[in-house]
Amino acid sequence: MPDFDAVRELLNARFSGAPEPSYFGLKMVFNAFGIVAFGIVMWYINQRISRKRNNRRVKSSYFGSRYSKEWKK
């Protein structure tokens, strides 16, 4: 859980028009967290789509789809 007093202090400093250096650090942390979360969500969606597309057991979607065609020839 975050320290709510610290967060409230940062928000007060922000809205009073005197942003503190720690606020920018907090913003960077939130941005990094958002990017990481977005990447995980995109990877998860990609996994779901690739599994739906071929229901067969696939080692990795790229190698499975690419080389199974070559082996079948």
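Per the listing Val41, Val7, Val58, Val29, the residue uniquely at pLDDT 85 or above and hydrophobic (A, V, I, L, M, F, W, C) is Val41.
Just one of (1) among the hydroxyl-bearing types (Ser, Thr, Tyr); (2) surrounded by 10 or more Cβ atoms within 10 Å (Cβ to Cβ); (3) at pLDDT below 60 fails for Ser22. It is (3).
The values are calculated or read from the model by the stated rules, or taken from the named source; none is laboratory data. Quick caveat, the model's predicted, so the values are computed rather than measured. Every residue, glycine as well, gets a Cβ built from its backbone with ideal geometry; the counts of neighbours run over all protein chains shown.
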